Amino acid sequence: MKKRRFKKELIPYLLGVGIIAVVSIGIIVGSNIELELQDDYDYVSDTILDETTPVVSEPVVFLKPFTDEDVNILINYYDYNDLEEEQQNSLIYSEGTYMQNTGVIYGKEASFDVIAVLDGTVNDVKEDPLLGKIVEIQHANNIISVYQSLGETSLKKGDSVLRGQVIGCSGTSNLNPDLGNHLLFELIIDGSNVNPEEYYGKSVDES
């Protein structure tokens with residue numbers, strides 16, 4: 001039987017085929033190892049930013065219609081349940097007539113800024129011959145705030161206002177000239193006047 005000898009020209013070809021085979025085997029083995037690793041571990045695609053943390057919102061509370069600590073109550077809100085003496089201190093005297101105060105009259109010798117007690121929309125801005133300049137603001141939850149006897153305001157009907165925003169300044173009126181510089185503030189909830197002093201710092205949701 002004759003022995004066959006490989007031609008020298010075939011050696012480079014065989015080496016190339018061998019190298020390709022080794023590389024292919026390595027790729028296959030590597031892929032299998034990677035698949036096994038993937039089977040052993042659970043990968044999470046979400047990031048920290050994908051998780052939403054609930055935010056506890058602060059309750060919205062009524063503000064006083066001013067921030068000046070030197071402002072005092074001149075005439076209280078007239079409450080039918082108050083004692084007679086307290087009711088007498090809640091009457092407004094004008095042109096020989098006593099009237100029950102449907103709000104609270106705040107005063108100070110010098111003019112002071114008046115602010116919105118809640119976010120809202122201006123319902124009306126008008127000049128009353130007795131009460132002076134008036135701004136009425138509509139709020140959520142069927143709440144209306146009324147600022148009377150203002151010295152000045154730049155608001156107009158339809159304007160949006162933010163809680164704590166300065167809407168004008170205190171002034172005088174013909175209601176009772178002896179009151180001097182003041183603000184007559186009314187708070188109306190569900191169509192009825194309420195005592196504003198009982199709502200400052202109170203959550204709107206509780207009103």
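The values are calculated or read from the model by the stated rules, or taken from the named source; none is laboratory data. Please read all numbers here as calculations on a predicted model, not as lab measurements. In this analysis, Cβ positions are derived from the backbone assuming ideal geometry, glycine residues included, and neighbour counts consider all displayed protein chains.
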With touching a Phe, Trp or Tyr at 6+ places or on another chain (Cβ under 8 Å) and touching a residue at least 60 places away in the same chain (Cβ under 8 Å) as the only criterion, which of 146, 104 stands out? 104
For residue 127, which of the numbered conditions (1) touching a Lys or Arg at 6+ places or on another chain (Cβ under 7 Å); (2) crowded, with 17+ Cβ neighbours inside 10 Å fails to hold? (2)
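Take residue 177 and decide whether it is surrounded by fewer than 18 Cβ atoms within 10 Å (Cβ to Cβ) and over 16 Å from residue 74 (Cα atoms).
no
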When residues of the range 81-117 are limited to those that are of a type in the set (Phe, Trp, Tyr) and under 33 Å from the mean Cα position of the chain (by Cα), the one nearest to residue 71 (Cα to Cα): 106
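Residue by residue, here is whether (1) hydrophobic (A, V, I, L, M, F, W, C); (2) buried (at least 16 other Cβ atoms within 10 Å of the Cβ); (3) touching a Lys or Arg at 6+ places or on another chain (Cβ under 6 Å); (4) over 14 Å from residue 75 (Cβ atoms) holds:
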{"position": "99", "(1), (2), (3), (4)": "yes, no, no, no"}
{"position": "105", "(1), (2), (3), (4)": "yes, yes, no, no"}
{"position": "166", "(1), (2), (3), (4)": "yes, no, no, yes"}
{"position": "169", "(1), (2), (3), (4)": "yes, yes, no, yes"}
{"position": "192", "(1), (2), (3), (4)": "no, no, no, yes"}
{"position": "203", "(1), (2), (3), (4)": "no, no, no, yes"}
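Whether any residue in the range 118-133 is part of a loop (DSSP other than H, G, I, E, B), under 22 Å from the mean Cα position of the chain (by Cα), within 16 Å of residue 67 (Cβ to Cβ) and at pLDDT 95 or above is what I want to check.
Here is the first cut: in the range 118-133, the residues part of a loop (DSSP other than H, G, I, E, B) are 118-119, 129-131.
Still in the running and under 22 Å from the mean Cα position of the chain (by Cα): 118-119.
Filter once more, keeping what is within 16 Å of residue 67 (Cβ to Cβ): 118.
Filter once more, keeping what is at pLDDT 95 or above: 118.
Looking through the range 118-133, at least one residue is part of a loop (DSSP other than H, G, I, E, B), under 22 Å from the mean Cα position of the chain (by Cα), within 16 Å of residue 67 (Cβ to Cβ) and at pLDDT 95 or above.
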Residue check: is residue 117 closer than 17 Å to residue 198 by Cα, crowded, with 19+ Cβ neighbours inside 10 Å and not aromatic (Phe, Trp, Tyr)? yes
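Considering the range 146-173 alone, what residues qualify as being of a type outside the set (A, V, I, L, M), assigned to a strand (DSSP E or B) and under 22 Å from the mean Cα position of the chain (by Cα)?
Here is the first cut: in the range 146-173, the ones of a type outside the set (A, V, I, L, M) are 147-149, 151-154, 156-160, 163-165, 168-173.
In the following step, the residues that additionally are assigned to a strand (DSSP E or B) were identified as 147-149, 151-152, 160, 168-171.
Correct list: 147, 160, 168.
Tell me which residues, restricted to the range 174-200, are touching a Phe, Trp or Tyr at 6+ places or on another chain (Cβ under 7 Å) and either aromatic (Phe, Trp, Tyr) or assigned to a loop (DSSP other than H, G, I, E, B) (or both). First the steps, then the outcome.
So the first thing to find is which residues in the range 174-200 are touching a Phe, Trp or Tyr at 6+ places or on another chain (Cβ under 7 Å), and the list is 176, 182-183, 185, 187, 195-197, 199-200.
Answer for the range 174-200, where residues must be touching a Phe, Trp or Tyr at 6+ places or on another chain (Cβ under 7 Å) and either aromatic (Phe, Trp, Tyr) or assigned to a loop (DSSP other than H, G, I, E, B) (or both): 176, 185, 195, 199, 200.
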